[in-house]
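The values are calculated or read from the model by the stated rules, or taken from the named source; none is laboratory data. Nothing here was measured: the structure is a model prediction, and the numbers come from that model. Virtual Cβ from ideal backbone geometry, glycine too; neighbours counted across all protein chains shown. Protein only, heavy atoms only, side chains kept; ligands, DNA and RNA dropped before computing areas. Shrake-Rupley method; radii C 1.70, N 1.55, O 1.52, S 1.80 Å.
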Amino acid sequence: MRTRQIVLCAVLFLLTAVRHPLDADVRGCQCDVTHPESLAAQKECSLCAEAEKVPAYQEVFFLKDRNPTKPNRILALPRVHTPGAHPLSSLSADQRHVLWAAALARAAEAWGDGWAIAYNGEEKRTQCHAHLHIGKLLPDQENEHFIVVTTVGDIPAPEHAGLWVHPVGGKLHVHLGEQVNETVLER
Ligand SMILES: [Zn+2]
Ligand SMILES: [Zn+2]
């Protein structure tokens with residue numbers, strides 16, 4: 001029964017969280033994973049609660065976006081929690097490397113080279129736990145605000161802003177400077 005309630009809560013939060021993805025702010029996050037009941041009470045801590053269900057040895061896990069209006073989205077998340085808004089910059093270089101490598105592999109598996117991975121800045125997120133949005137890149141999203149990197153280890157980790165990444169000619173474009181980035185992805 002309790003499991004059913006937890007699943008229902010998880011579905012409800014995902015529906016709520018992704019309905020207003022662009023008008024939230026997680027800079028004041030205080031998810032306390034030592035008190036699981038507090039995670040359930042704060043909807044911005046729901047992905048922290050999801051991470052707690054994953055074995056500690058599993059460094060990265062994936063969730064399907066449960067918003068029915070976004071059937072083509074996958075989330076990639078680190079198992080580890082970091083304080084506050086869990087910025088990518090608070091993960092170690094190794095942890096970021098593992099996260100990006102897993103996310104890129106999953107993206108390529110689903111969409112060949114037509115994928116993009118987006119990370120929203122902490123002023124425009126509804127969830128505290130770090131998460132990358134994986135999806136199919138929409139047409140006509142290219143702009144001039146990118147750097148080119150050749151390995152996932154070179155993907156930068158901005159402290160507050162977001163970024164999005166996609167493959168171009170065997171390298172990666174990392175588009176920087178925006179808070180809202182998941183809008184480059186097919187829903
Ligand atoms: Zn967390
Ligand atoms: Zn680009």
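Overview of results
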quantity: Positions within the range 106-131 being open to solvent by less than 20 Å² (accessible area, probe 1.4 Å) and away from ligand 1 (no atom under 16 Å from the Cβ), in sequence order; calculated: ALA107, TRP115, ALA116, ILE117, ALA118, GLY121
quantity: Residue match in the range 91-105 (condition: surrounded by 13 or more Cβ atoms within 10 Å (Cβ to Cβ), polar (S, T, N, Q) and outside any loop (DSSP other than H, G, I, E, B)); calculated: yes
quantity: Residue match in the range 51-68 (condition: modelled with pLDDT of 95 or more, more than 13 Å from the chain's Cα centre (by Cα) and assigned to a helix (DSSP H, G or I)); calculated: yes
quantity: The range 150-173: number of residues that are in a loop (DSSP other than H, G, I, E, B), at pLDDT 95 or above and either open to solvent by 50 Å² or more (accessible area, probe 1.4 Å) or within 16 Å of ligand 1 (Cβ to nearest atom) (or both); calculated: 4
quantity: The range 43-55, residues that are within 13 Å of ligand 1 (Cβ to nearest atom) and either farther than 12 Å from HIS129 by Cα or in contact (Cβ under 8 Å) with a residue 60 or more places away in the chain (or both); calculated: GLU44, CYS45, SER46, LEU47, CYS48, GLU50, ALA51, LYS53, VAL54
quantity: Number of positions in the range 48-71 that are in contact with a helix residue (DSSP H, G or I) (Cβ under 9 Å, 6 or more places away or on another chain) and more than 15 Å from ALA103 (Cβ to Cβ); calculated: 10
quantity: Pairs with Cβ under 6 Å, 6+ apart, first in the range 141-163 and acidic (Asp, Glu), second in a helix (DSSP H, G or I); calculated: GLU159/SER89
quantity: Subset of the range 136-149 (residues that are surrounded by 15 or more Cβ atoms within 10 Å (Cβ to Cβ) and either away from ligand 2 (no atom under 11 Å from the Cβ) or among the aromatic types (Phe, Trp, Tyr) (or both)); calculated: LYS136, PHE146, VAL149
quantity: ILE147 being in a strand (DSSP E or B) and over 30 Å from LYS53 (Cβ atoms); calculated: yes
quantity: Total residues in the range 106-117, condition over 15 Å from LYS171 (Cβ atoms) and either in contact with a Leu (Cβ under 6 Å, 6 or more places away or on another chain) or in a loop (DSSP other than H, G, I, E, B) (or both); calculated: 2
